[in-house]
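Report on the following structure.
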Amino acid sequence: MTINLKFDFLVILLMSLFPKCWSLTTTPSKKASIITGANGYVAREVVQELLSTFPKHYVYCLVREGRIESESNYWKQKSDCIQVLPYDMLDGGSTMKEALKVARKTHEEICVYHIASVFGPSEDHVQTANDNVQGTEDLVNALLPNGPKCRLIVISSMAAVRGSGQEPLNGRWYTDKDWNDKSKLGDNWGSSYQWSKAESEKRAWKLAKEKGIAMTSICPSFVFGPPSDGMLTNSYSIELVGQWVWGKSEVQSRLCVDIRDLAKAVVAAGNNPKAIGRRFIVSKEERVPSQEMAEALQSVCGESGVGNADNITYDANFKGGAIPIGSREVEATEKLENVLGITLRPVKETIGDMGRILLMTKE
C-alpha cells in the first residue's frame with residue numbers, strides 16, 4: 001500500500017513538472033520534427049511557428065557542437081518539448097543519423113526540415129558552394145533507411161529557380177517549372193551560391209524520387225522581416241537592412257518574402273499531405289520599387305524618433321532583371337493560398353517592421 005502511494009505521488013509530481021510533454025513519457029507521440037541549422041534566422045522562426053501551431057509537438061533542434069549549450073538555454077525557456085542535438089553538415093550524414101535514432105525512440109513519424117546552409121560572402125565561395133551541395137546530398141542519404149514514414153522539407157531558394165538575366169520558360173514569369181541554368185560555380189560568391197542552391201535541390205529531388213522519400217521543396221525569394229522573438233541573429237538579411245536603415249548603403253529593390261510568412265508556409269508544407277512531391281515558390285509576385293522600400297524605412301525613423309530619415313537613400317538606377325520592376329515576376333500566390341493556406345503580407349509592412357526592430361535594438 002505504501003509503495004503504491006509513493007508511486008502515485010511520483011506520477012502526480014512528474015505530471016505537474018512536465019505537463020506539456022507528459023504524453024511523450026508515457027506513450028510515444030506520433031510525430032516529431034527535426035530542424036537543421038536551428039539557430040539561424042529562418043530555422044529559428046520555423047521552430048517558433050511549430051511551437052505556436054502545435055504546442056505539444058516535439059522538436060529536435062540541430063546546431064553546431066559549439067552552440068549546444070547556448071541554444072539549449074534559449075529553448076528551455078520556450079518549451080519543454082525541445083531537445084538540442086549536435087549537427088555537422090559535412091560529417092557524411094553521421095549526426096543526422098544519430099538525431100533520427102534519438103527521435104525514433106519515442107516517435108513514429110519524423111519530418112526533417114533541412115534549412116542549414118551558408119549564405120553570404122565567404123573567403124572561398126567555391127568550397128562553400130560545394131559544401132552546401134554535399135551537405136544536402138548526405139542528409140537525404142541519411143534518411144533512406146527510415147523509409148516512407150520520414151518526410152523531408154528542403155528549403156531551397158529562388159536562386160534555384162532562375163539565374164541573373166535568365167528568361168522564364170513561359171516567356172512571362174517564373175514558375176515552379178523553372179530551374180536556374182545560368183549561374184556558374186566560381187564566377188563570384190553570388191553565382192556560386194545560386195549554383196549551389198539549384199544543384200542541392202536537384203540532387204535532393206533525384207534521390208528522393210529514386211528512394212521513395214516524401215519530399216517537398218520550398219523556394220523563397222529574399223527573406224526579410226523581424227524575428228518573432230525579437231532576437232537579431234547573425235543573418236545577411238538583417239545585416240543588409242541594417243545598412244539601409246543606418247544609411248550605410250542604398251536601399252535596393254528585391255523580390256522578397258516576410259520571414260513570418262515563410263515559416264508558416266514551411267510548417268504547412270510539412271503537415272499537409274497535398275504538399276508531397278511538390279515545389280513551392282514562396283514570394284510576393286512583384287518587386288516593390290526601392291524608393292517605396294526606402295520611404296517605409298524613413299517613415300519608421302519618423303515614427304520612432306530613432307535614426308535619421310535623411311540618411312536613407314535608394315538605388316534609382318536598377319530597373320529589374322529579365323522582368324522589369326513592377327511587373328509580375330513569379331507565379332506563387334494561388335498555389336500558396338490553395339494548397340498551403342498561406343497569404344503573404346505586403347512588402348512595405350515587412351520592411352517597416354524589420355526597420356523598427358533594428359532601430360529599437362540599436363537604440
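Structure notes:
- Of all residues in the range 136-163, those satisfying the criterion of being in contact with a helix residue (DSSP H, G or I) (Cβ under 8 Å, 6 or more places away or on another chain) and among the small types (Gly, Ala, Ser) are Ala142, Ser156, Ser157, Ala159, Ala160, Gly163.
- Residues located in the range 111-122, provided they are in a loop (DSSP other than H, G, I, E, B), of a type outside the set (Phe, Trp, Tyr) and buried (at least 16 other Cβ atoms within 10 Å of the Cβ): Ile115, Ala116, Ser117, Val118
- Residue-level analysis places Ala43 among those that are within 28 Å of Asn272 (Cβ to Cβ), within 19 Å of the chain's Cα centre (by Cα) and either modelled with pLDDT of 95 or more or surrounded by fewer than 20 Cβ atoms within 10 Å (Cβ to Cβ) (or both).
- Residues located in the range 108-125, provided they are out of contact with any Ser or Thr (no Cβ under 6 Å at 6 or more places or on another chain) and touching a residue at least 12 places away in the same chain (Cβ under 8 Å): Glu108, Glu109, Ile110, Val112, Tyr113, Ser117, Phe119, Gly120, Pro121
- For the range 175-190, the set of residues classified as in contact with a helix residue (DSSP H, G or I) (Cβ under 8 Å, 6 or more places away or on another chain), within 24 Å of Ala265 (Cα to Cα) and touching a residue at least 60 places away in the same chain (Cβ under 8 Å) consists of Asp176 only.
- Exactly one residue out of Ala275, Ala322 is surrounded by 14 or more Cβ atoms within 10 Å (Cβ to Cβ), in contact (Cβ under 8 Å) with a residue 60 or more places away in the chain and in contact with a Leu (Cβ under 9 Å, 6 or more places away or on another chain), and it is Ala275.
- Cross-chain or 6+ apart pairs with Cβ under 8 Å, the range 133-146 first and farther than 18 Å from Val102 by Cα and touching a residue at least 40 places away in the same chain (Cβ under 8 Å), then buried (at least 19 other Cβ atoms within 10 Å of the Cβ) and charged (D, E, K, R): Val133/Glu199; Thr136/Glu201
- Residue pairs whose Cβ atoms lie under 7 Å apart, sitting 6 or more positions apart in sequence or on different chains, and linking a residue in the range 80-96 that is over 17 Å from Ser117 (Cα atoms) to a partner that is in a loop (DSSP other than H, G, I, E, B), are Asp80/Phe18; Asp80/Lys20; Asp80/Cys21; Cys81/Lys20; Cys81/Cys21; Cys81/Lys56; Cys81/His57.
- Sole residue being touching a strand residue (DSSP E or B) at 6+ places or on another chain (Cβ under 9 Å) and β-branched (Val, Ile, Thr), chosen from Val306, Val282, Val300: Val282
- The range 25-110 holds helices (runs of 4 or more DSSP H) entirely within its bounds, and those carrying 2 or more residues that are touching a helix residue (DSSP H, G or I) at 6+ places or on another chain (Cβ under 6 Å) map to 41-53, 94-104.
- Residue check, Ser237 assigned to a helix (DSSP H, G or I), at pLDDT 95 or above and buried (at least 19 other Cβ atoms within 10 Å of the Cβ): no
- Set side by side, the residues Trp195, Trp189 differ, and just one is at pLDDT below 95 and under 21 Å from Leu90 (Cβ atoms), which is Trp189.
- Restricting Val63, Val46, Val59 to those that are touching a Cys at 6+ places or on another chain (Cβ under 9 Å) and touching a residue at least 24 places away in the same chain (Cβ under 8 Å) reduces the list to Val59.
The values are calculated or read from the model by the stated rules, or taken from the named source; none is laboratory data. Here the structure is a predicted model, which means the values were calculated and not measured. All Cβ positions, glycine included, derive from the backbone under ideal geometry; neighbour counts span all protein chains shown.
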